[in-house]
Ligand SMILES: Cc1ncc(COP(=O)(O)O)c(C=O)c1O
């Protein structure tokens, strides 16, 4: 063979019999080669057979999917390019024009935006509920086209925890498919499938990957038949996980329980200290006894989480000044990474919401959201004090 040909056909050395890599191999290949035409044709049948093409499946991505299914206690999972890829993928796969969705008021802004679009473009209306009373779902679901219930384990940024067992049982009884965004709790703090959810979605960008270096999403299914039904729609949508992104996420997961413990411990200390601080009019953290979801969080979550928010007396200007004054905490939009981040939700993550929806979601003009990292808590407190001072 000529050099050009030898250069193209680099050696793809198989693992020798008897030894395997300890870490999950990164298979950064968009397509997979076959020996037989029949085998290639047969591999197109479903999500679990031999790998054919990256949008339909990949060994690194499948390792992540099986890991996530195991962590959440699901029958199977699908990985996506982002949390919004997972949420949009699930909604588009399961809803048809004229269907109805029931969702809690306090949802991530991007999810609000998709639900708004679905209403405007496809006539898929969303009915809002507080999340505290299954009777609200029962009342909304008298409409025969009610298909989906959408909840978040811990609402962003107020830390409200819905009545998951009550709502999920009611959804089951009504034949409404339930979708719970578990990004803020992670499977370390809560496993909604064990409480009766049909689908758990994640922004794996957050705690699961944990290092602010990758975007990803996932949907984990209680029933594998539902995963298999959703899979073809997600192949069409094309918001599939890239193998390197899946690999980075797998790189983060082994330390997830350790990181969650550190996030929760730091957030609990800061929330308690902020509560007594002059100039802070409210602190939202489900691990604080005064929080409206304190008792429910104590029953459903094995920790208060790493996200807290607090309202400053000076309103919008005070909130925006604080996020510019912190030095150790960084002003950045995401959450769930090892470093502490602050944002001002009213002007960033929740800017799609009008004043009434902001108020219903419990987001005041001076609200600061803090994703507490795993730094030393005394350094974080010193930073908060100097920024408040
Ligand atoms: C609760 C929640 N769900 C979903 C998302 C969207 O995830 P991604 O940014 O990975 O698309 C976010 C992002 O902040 C979030 O906080």
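All conditions in (1) part of a loop (DSSP other than H, G, I, E, B); (2) within 16 Å of the ligand (Cβ to nearest atom); (3) within 28 Å of residue 171 (Cα to Cα) hold for residue 292, with the sole exception of (2). Put simply, of 248, 258 the only residue that is more than 20 Å from residue 150 (Cβ to Cβ), within 16 Å of the ligand (Cβ to nearest atom) and either at pLDDT 95 or above or part of a loop (DSSP other than H, G, I, E, B) (or both) is 248.
The number of residues in segment 312-330 that are surrounded by 15 or more Cβ atoms within 10 Å (Cβ to Cβ) and either within 16 Å of the ligand (Cβ to nearest atom) or in a helix (DSSP H, G or I) (or both) comes to 10.
Quick one: would you say residue 119 is free of Cβ contacts under 8 Å to residues at least 60 places away in the same chain, part of a strand (DSSP E or B) and in contact with a strand residue (DSSP E or B) (Cβ under 7 Å, 6 or more places away or on another chain)?
Values: free of Cβ contacts under 8 Å to residues at least 60 places away in the same chain: yes; part of a strand (DSSP E or B): no; in contact with a strand residue (DSSP E or B) (Cβ under 7 Å, 6 or more places away or on another chain): yes.
Taking the combined requirement at face value, the residue does not satisfy it.
Suppose the filter is at pLDDT below 95, in a loop (DSSP other than H, G, I, E, B), within 22 Å of residue 244 (Cβ to Cβ) and in the same structural domain as residue 248 (by TED's automatic domain parsing); does residue 47 pass it? So residue 47 passes the test. Which one of the conditions (1) buried (at least 20 other Cβ atoms within 10 Å of the Cβ); (2) free of Cβ contacts under 8 Å to residues at least 40 places away in the same chain; (3) within 16 Å of residue 162 (Cα to Cα) does residue 295 fail to meet, given that it meets all the rest? All conditions pass for residue 295, except number (1). Within segment 136-145, the set of residues being in contact with a strand residue (DSSP E or B) (Cβ under 7 Å, 6 or more places away or on another chain) and part of a helix (DSSP H, G or I) comprises 136, 137, 140.
Look at residue 70 and say whether it is out of contact with any strand residue (DSSP E or B) (no Cβ under 7 Å at 6 or more places or on another chain), at pLDDT 95 or above, surrounded by fewer than 18 Cβ atoms within 10 Å (Cβ to Cβ) and in a helix (DSSP H, G or I). In short, yes. Of the residues contained in segment 93-101, none is found to be buried (at least 19 other Cβ atoms within 10 Å of the Cβ) and free of Cβ contacts under 8 Å to residues at least 40 places away in the same chain. What about residue 39, is it out of contact with any helix residue (DSSP H, G or I) (no Cβ under 9 Å at 6 or more places or on another chain) and assigned to a helix (DSSP H, G or I)? Judged against the criteria, residue 39 is a match.
Scanning segment 114-124 for residues that are over 19 Å from residue 138 (Cα atoms) and surrounded by 16 or more Cβ atoms within 10 Å (Cβ to Cβ), which turns out farthest from the ligand (Cβ to nearest atom)?
Keep residues of segment 114-124 that are over 19 Å from residue 138 (Cα atoms), which gives 114-123.
Imposing the further condition that a residue be surrounded by 16 or more Cβ atoms within 10 Å (Cβ to Cβ) reduces the set to 114-115, 118.
Details: 114: 10, 115: 13, 118: 16 Å.
Looking at the filtered set, the residue picked out is 118.
Taking residues in segment 11-35 that are without any contact (Cβ under 8 Å) to a residue 60 or more places away in the chain and assigned by TED's automatic domain parsing to the domain that holds residue 63, and partners anywhere that are in a loop (DSSP other than H, G, I, E, B) and surrounded by 13 or more Cβ atoms within 10 Å (Cβ to Cβ), not one pair has Cβ atoms closer than 6 Å while being at least 6 places apart or on different chains. Taking the conditions (1) in contact with a helix residue (DSSP H, G or I) (Cβ under 6 Å, 6 or more places away or on another chain); (2) assigned to a strand (DSSP E or B); (3) more than 16 Å from the ligand (Cβ to nearest atom) in turn, residue 369 satisfies each one other than (3).
From 336, 266, 298, which residue is in contact with a helix residue (DSSP H, G or I) (Cβ under 9 Å, 6 or more places away or on another chain) and either in a loop (DSSP other than H, G, I, E, B) or farther than 14 Å from residue 371 by Cα (or both)?
Of the residues listed, the single one that is in contact with a helix residue (DSSP H, G or I) (Cβ under 9 Å, 6 or more places away or on another chain) and either in a loop (DSSP other than H, G, I, E, B) or farther than 14 Å from residue 371 by Cα (or both) is 336.
Quick one: which residue in 93, 79 is away from the ligand (no atom under 11 Å from the Cβ), closer than 26 Å to residue 46 by Cβ and not in a helix (DSSP H, G or I)?
Working: 93 fails: not in a helix (DSSP H, G or I).
From the options 93, 79, the qualifying one is 79.
For segment 196-235, the set of residues classified as under 23 Å from residue 157 (Cα atoms), away from the ligand (no atom under 11 Å from the Cβ) and touching a strand residue (DSSP E or B) at 6+ places or on another chain (Cβ under 9 Å) consists of 197, 199, 200, 212, 219, listed by residue number.
Looking across 339, 317, one residue alone is out of contact with any strand residue (DSSP E or B) (no Cβ under 9 Å at 6 or more places or on another chain) and not assigned by TED's automatic domain parsing to the domain that holds residue 168. It is 317. Annotation for segment 146-161: no member residue is in a loop (DSSP other than H, G, I, E, B) and free of Cβ contacts under 8 Å to residues at least 60 places away in the same chain.
The values are calculated or read from the model by the stated rules, or taken from the named source; none is laboratory data. Treat the numbers as computed from the prediction; the structure is a model and nothing was measured. Cβ: placed from backbone, ideal geometry, glycine included. Neighbour counts: every protein chain shown.
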